[in-house]
Amino acid sequence: APARTEDLAANVPAGVYAETVTNVQHYTDRLFRFRMTRPDGFRFRSGEFAMIGLVVDGKPVYRAYSIASPAWDDELEFFSIKVPDGPLTSHLQQIRQGDKVLMRKKPTGTLVLDALTPGKRLYMFSTGTGIAPFASLIRDPETYAKFDEVILTHTCREVSELKYGFDLVEEIAKDELLSEVVGGKLRHYATVTREPFPYQGRITDLISNGKMFADLGLEPFNPATDRAMICGSSAMLKETKELLEKAGLTEGANSKPGEFVIERAFVD
Ligand code: A2P
């Protein structure tokens, strides 16, 4: 076993779980996902994030990771970028089945159903690894109990980076129980910015110029019925938030539910 795994087993810090990696899947040279065991008693709400870490040169290094699996799953899933010099991801990208990964005990986050006021249609706007919290929410029956329609948008530079999202939607369709719960309420709108693809462009542009609504056969945002969650880079959050605010939606939080919520997809 790699040295880091042995170090960890012998020396797990207080307030932290050390879980076992069960599966690793690499999508591109920039993206991978991994699954690990879920500690007994670890509770979270779909859409929340946790601090994930590894011991690097004798010191634990943590980064915020959205939990990509739904609250009912008996494993935990994460979708990660690989940054060549990233303090955590340069090491995390090398994990294999059987390795140990650290996770701080308390999950948190704003991309939760509780932070939204009731509505009919839920938009989930994501770029890159920002799809992770939505991977959790689109697999949670509660999402479909609260909304009649769920629209997941995912924008990446290249087509190969969309695969995680397409796999998720396919997995839901193949799952007998989940597909019955979802019952056609989920729509997946995938766009690419740096390669030819049937749907091209930044989501902010596709909202501004009306193409997203035309492609989906929907009316412009309606604050009475539409709710949204946004997860991407700081600039993407800011610009998407402005478009929602212009349409009359107001930002919410755990302490004060609103019509949309945002969270930065960050890791290095
Ligand atoms: P673009 O290729 O035009 O930069 P990244 O991999 O850099 O995180 O980007 C993920 C996706 O998010 C890319 O398709 C990128 O488009 C898009 N993007 C970057 N900045 C913004 C922004 N301010 N608003 C909307 N989309 C953005």
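Worth pointing out:
- Looking only at the range 76-105, and only at residues there that are of a type in the set (Asp, Glu) and over 18 Å from the mean Cα position of the chain (by Cα), the one that is surrounded by the fewest Cβ atoms within 10 Å (Cβ to Cβ): 85
- Some residue of the range 235-253 being hydrophobic (A, V, I, L, M, F, W, C), more than 30 Å from residue 61 (Cα to Cα), within 16 Å of the ligand (Cβ to nearest atom) and without any contact (Cβ under 8 Å) to a residue 60 or more places away in the chain: yes
- Residues located in the range 164-186, provided they are more than 17 Å from residue 149 (Cα to Cα) and of a type in the set (Gly, Ala, Ser): 165
- Filtered by the rule that a residue be assigned to a strand (DSSP E or B) and either among the β-branched types (Val, Ile, Thr) or more than 14 Å from the ligand (Cβ to nearest atom) (or both), the range 181-227 gives 186, 187, 188, 191, 192, 226, 227.
- Elements of type strands (runs of 3 or more DSSP E) contained in the range 58-175, each with 1 or more residues being closer than 23 Å to residue 266 by Cα and of a type in the set (Lys, Arg): 59-66, 100-104
- One residue from 83, 55, 61 being outside the structural domain of residue 191 (by TED's automatic domain parsing), of a type in the set (A, V, I, L, M), within 16 Å of the ligand (Cβ to nearest atom) and farther than 23 Å from residue 183 by Cβ: 83
- Only one of the numbered conditions (1) crowded, with 22+ Cβ neighbours inside 10 Å; (2) on the phi > 0 side of the Ramachandran plot is violated by residue 248, and that is (1).
The values are calculated or read from the model by the stated rules, or taken from the named source; none is laboratory data. Bear in mind that the values here come from a model prediction, so they are computed numbers and not experimental data. Every residue, glycine as well, gets a Cβ built from its backbone with ideal geometry; the counts of neighbours run over all protein chains shown.
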